[in-house]
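Scroll down for the structure; my scribbles are underneath it.
Computed from the coordinates by the stated procedures, all read-outs in this text should not be read as laboratory data. This is a predicted model, so every value here is computed, not measured. A quick note on method: Cβ atoms are made from the backbone with ideal geometry, for glycine too, and the neighbour counts reach across all protein chains shown.
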Amino acid sequence: MNKHYNIPVSRPDLSKEDFYEIKKAFDASWISSKSPWVEKFEKAFASKISRTKYAASVNSGTSALFLALKSLGIGDGDEVILPSLTMIASINAVTLTGAKPVLVDCKSFEDFNLDLKEVTDKITKKTKAIMPVHLYGYSCEMDKLIRLAKRKGLFVIEDAAESMGATYRGKTLGSFGDIGCFSLYSNKIITTGNGGMVVTNNQKLHLLITKLRFFDFNEESHFTHHMIGYNLVLSGLQSALGVSQVRRFTKLLSGRRNNLMLYKKYLKKIDNYFIPEPLKGLMPNYWFPAVIFKDTKVKNRVESNLTEKGIETRLFFRPLHLQPVYQALFKNERYPKAEFFHKHGLLLPSYEGLTEKEIKEIAEFIDASV
Ligand SMILES: Cc1ncc(COP(=O)(O)O)c(C=O)c1O
C-alpha cells in the first residue's frame, strides 16, 4: 500500500467537468474503443497538444512505443539507439519487438539528455531507428538529431511520454520525428488514468498504427485479418476523460511551469544543487522539477528528511545498463553521466493545486537539510 504523504509528488487534476464528460459517454453507452469520444479525444490531442496531423490513442505510453516500432517494421536483427537514462518502458518496447537496444550516455554532467556525438558513434549497418527520450520534459537538440537521422537514413521515434507541451525552437516535442509517443498515465500533465497517444504527420503510418492497435479489424471483412494486430486500445470512458482534460491543458501546462519558477525563487542554497538549464530554444514543460545535488550524501539526507516530513519525492531513473533484468545484455558497458544523474538527482512535487506556500515550505525545508 502507498504511504500517505501530506504532499504527494504528483496528483491528477480531476474536476466535476471531467466527471460530467465521462457520464455523458456512460449514459450514451459509448464506453468501448468504438466510442465517438475516442476520435474526439484524438482530434483534440492532435490539434491542441502534439500539433500533428494525426493522433492514435492507445492504452499506455509503452503500447505507443511498441506500436511505433512495429509500424516502422522494426524487429529481429535491427538495432535501436536510446539513452541509458530513461524509464524501463523505453527499452521494454524495443526488446518486445525483438530488436536490439543500443545505449548511449547523457550529453554532460549538466545535461541529462542524449549525447548526439555518441549516437553517431553507435550507428551501425543494423541501426534502424533512434529513440530520443525527452526526459522530465527536456530534450536534446532535435534539429541536429533529425538532420543526423536523415543523413543516415534512420527513423526517429520520440519517447515524449514526459514532455507533453514542451517545445524546441517553437515546435512541439513529439512532432519532430517519424512518430511521437505520449503517456497519459495519472501523473502526466493531462491524464486518462492509464493511456497513451501515437502521433505522426504520416497518413500511411497512422492508418497502419490504427490497424495494429486493434486486431487489424477492417471494413472490408471484419473477421478477415491480414496481419497480426493487438488489443492496445483506449476505452470510450477514458477518452471522455481525455476530451475534458485537453480543455484545461494550457492552464495545467502553465501551472507546471509556474511551479518551477516558484521553486527557483525559494531555493536559495544554490551552491549545493542546480536545476538544469534548458538548451537555447527549448521550453521544457517542467513536468517534475529536477534538482541535481552536488553531494549524494546531501541528496540522500534531503530525501529522507522530506519523506519523514510527509513530502514525497522521486529519485531519477536507474540507468538501463544497471537494471538487473538487462545487466547481462550490457555487461561491460558504463555510462558515467547517466549513473551520476541517477545518484545525484531528485524530483520534487509538482501538480495543479500545489500552493506557493507549500512550494516555499518545501524549498525552505530542503535548504535547512543541505
Ligand atoms: C520516458 C518514459 N517512456 C515511457 C513511459 C511509459 O508510459 P506508460 O506508463 O504510459 O506506459 C514512461 C512512463 O511514464 C516514461 O517515463
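What is the order of 314, 256, 151, fewest Cβ neighbours within 10 Å to most?
Least to most surrounded, the residues fall as 151, 314, 256.
Multiply the residue separation of residue 169 and residue 231 by 0.36 nm, subtract the distance between their alpha-carbon atoms, and state the gained length in nm to one decimal. Write down the numbers at each step before the final one.
Values: separation 62, 0.36 × 62 = 22.32 nm, distance 3.64 nm.
Stretched out fully, the residue 169 to residue 231 stretch lengthens by 18.7 nm.
Would you compute, from DSSP H runs of 4+ residues alone, the mean residue ellipticity of the chain at 222 nm, taking -39500 (n - 2.57) per run and dividing by the full residue count, rounded to the nearest 500? If you can, show how the numbers build up before the last one.
Values: 12 runs with 137 residues, N = 370.
The helix-only estimate for the chain comes to -11500 deg cm²/dmol at 222 nm.
Between residue 96 and residue 275, what is the FRET efficiency for a Förster distance of 41 Å, r being their Cβ-Cβ separation, to the nearest 0.05?
Details: r = 34 Å, r/R0 = 0.84.
Working from the Cβ atoms, E equals 0.75.
How high is the relative contact order of the chain, in percent, counting Cα pairs under 8 Å that sit 6 or more residues apart?
So the answer I get is 24 percent.
Rounded to the nearest 5, what % of DSSP beta bridges with both residues in the chain are antiparallel?
60 percent
I'd like the FRET efficiency for residue 268 and residue 13, computed as 1/(1 + (r/R0)^6) with the beta carbon distance as r and R0 of 41 Å, rounded to 0.05.
0.90
Give me the extension gain from residue 247 to residue 360: residue separation times 0.36 nm, minus the current Cα-Cα distance, reported in nm with one decimal.
Length difference between fully extended and current span is 37.8 nm.
Can you bin the range 1-158 into rounded, prolate or oblate? Criterion: square roots of the alpha carbon gyration tensor eigenvalues sorted a ≥ b ≥ c, rounded for a/c under 1.5, prolate for a/b above b/c, oblate for the rest.
It is prolate, given that a/c is not under 1.5 and a/b is the larger ratio.
Just grab the label-to-label distance for residue 333 and residue 203, each label 7 Å out from Cα along the Cβ direction, in nm (one decimal).
Once both label points are built, they end up 3.9 nm from each other.
What stretch of the chain, leaving out the sites themselves, is the longest with no GluC sites (Glu not before Pro) in a DSSP loop having at most 10 other Cβ atoms within 10 Å?
Working: sites that count: 219, 220.
Longest gap between qualifying sites, sites excluded: 1-218.
How would you classify the chain from its alpha-carbon gyration tensor, with a ≥ b ≥ c the square roots of the eigenvalues: rounded for a/c under 1.5, else prolate if a/b is greater than b/c, otherwise oblate? Mind dumping the intermediate values first?
Numbers: a/c = 1.91, a/b = 1.20, b/c = 1.59.
Note, shape of the chain comes out oblate.
Test of understanding: ordering 18, 27 by Cβ neighbours within 10 Å, fewest first, what list do you get?
Numbers: 18 20, 27 8.
Taking fewest neighbouring Cβ atoms as first place, the list is 27, 18.
I need 31, 270 ordered by Cβ neighbour count within 10 Å, fewest first. Don't jump to the answer; show the numbers that get you there.
Working: 31 17, 270 10.
Starting with the residue having the fewest Cβ neighbours, the order is 270, 31.
How much length, in nm to one decimal, is gained on full extension between residue 261 and residue 26, taken as 0.36 nm per residue of separation minus their Cα-Cα distance?
My answer for the length gained is 80.6 nm.
For a quick check of your reading of the filter: which chymotrypsin sites (Phe, Trp or Tyr not before Pro) in the range 6-51 sit in a DSSP loop and have no more than 15 other Cβ atoms within 10 Å?
Qualifying residues, ordered by number: none.
If Lys and Arg each add +1 and Asp and Glu each add -1, what is the summed charge of the other residues whose beta carbon sits under 12 Å from the beta carbon of residue 263?
Local net charge: +1.
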